Amino acid sequence: MIFNIRNIDRLESTNSYAQKLLENGDLQEGDVISTYNQENGKGQGENFWESESGSNITISVALQPRVIHPSQQFIINQLVSLALVDVIEQYVANEEVKIKWPNDIYVADKKIAGVLIQNFIKGEEIEFSIVGIGVNVNQKEFYSDAPNPGSLIHYFNNTMDLKQLLDQLLLRIDVKYEFYKQMRNVQDLKSNYIDKLFRFNIWATYSDGNKNFQGKIIDIDEFGRLIVKLKDGQEKTFMFKEIEFIL
Ligand code: BTN
């Protein structure tokens, strides 16, 4: 895929801007909306994504994943999360890089990157996928109430070149995306994802919004839902926002 990086000096949100372009018929696969001044970044749910001016990567990548059925849209989350892990691992020597389900990237106990995917479905196809990615790179202090934010600079002691990092990330996304399109190997992708999954097969504390409980992540299903084993042997399936990790 050829990426077309459209760098815009200042934006509210790269995802909202990409969505506008889509509505105007001006978005193509491979378009990458990038800004170094995102002023009102969107996180998962109602959250705000904090990003200091000039310090981080905030992009939205436009894909047209026609080979991925809408019911399998979690494949996009998996591909992008794994691409992020690959890149971040290059700069973090002594800590583990993990994916906190569904697609937060953690280094040790700090969230370094977040992904917000908006899929536009037409009939039986994902017509467009706007893949919003925020990677905290050179920002040293965080002020929002996001839990455990961190930056690559906390692990890699030099200021990093954002453009170089962006190119590496796009290359990884491309490789994973094209490889998947050729092989369509859902099982391999899932096992790579599970390999990097934070707290996989480990007893830990979670909350279902009402109470805390002990659980162990044992699998994800084909829709990307989390399957957690409880102490009484029961297995429960959770959708996003139905389960909270107690850190
Ligand atoms: C999350 O973890 O809550 C998801 C964060 C996604 C942030 C990125 S930054 C670039 C893109 N544009 C946005 O407005 N949000 C995403």
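The values are calculated or read from the model by the stated rules, or taken from the named source; none is laboratory data. Remember, it's a predicted structure, so these values are computed and weren't measured experimentally. Quick reminder, even Gly has a Cβ in these numbers, built from the backbone with ideal geometry, and neighbours come from all protein chains shown.
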When only residues in the stretch 207-247 that are within 21 Å of the chain's Cα centre (by Cα) and basic (Lys, Arg) count, which is farthest from Asp109 (Cα to Cα)?
Arg225
Among residues belonging to the stretch 1-35 that are near the ligand (Cβ under 10 Å from one of its atoms) and in a loop (DSSP other than H, G, I, E, B), point out the one that is farthest from Leu170 (Cα to Cα).
Glu12
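Assess whether Lys181 counts as being in contact with a helix residue (DSSP H, G or I) (Cβ under 9 Å, 6 or more places away or on another chain) and more than 16 Å from the ligand (Cβ to nearest atom). Quick ask: steps written out before the conclusion?
Values: in contact with a helix residue (DSSP H, G or I) (Cβ under 9 Å, 6 or more places away or on another chain): no; more than 16 Å from the ligand (Cβ to nearest atom): yes.
So Lys181 fails the test.
Touching a Ser or Thr at 6+ places or on another chain (Cβ under 6 Å) and surrounded by fewer than 12 Cβ atoms within 10 Å (Cβ to Cβ), is that true of Asn212?
Criteria met by Asn212.
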Looking at the stretch 119-137, I want the residues that are free of Cβ contacts under 8 Å to residues at least 12 places away in the same chain and have a partner that is in a strand (DSSP E or B) with Cβ atoms under 9 Å, at least 6 apart or on another chain. Which pairs are those?
Lys122/Phe128
With the checklist (1) surrounded by fewer than 21 Cβ atoms within 10 Å (Cβ to Cβ); (2) more than 16 Å from the ligand (Cβ to nearest atom); (3) at pLDDT 95 or above in hand, flag the one item Asn138 doesn't pass.
(2)
Would you be able to say whether some residue in the stretch 77-95 is crowded, with 16+ Cβ neighbours inside 10 Å, in contact with a Gly (Cβ under 9 Å, 6 or more places away or on another chain) and of a type outside the set (D, E, K, R)?
yes
Looking only at strands (runs of 3 or more DSSP E) that lie completely in the stretch 179-247, which have at least 1 residues being in contact with a Phe, Trp or Tyr (Cβ under 8 Å, 6 or more places away or on another chain)?
203-207, 212-220, 226-230
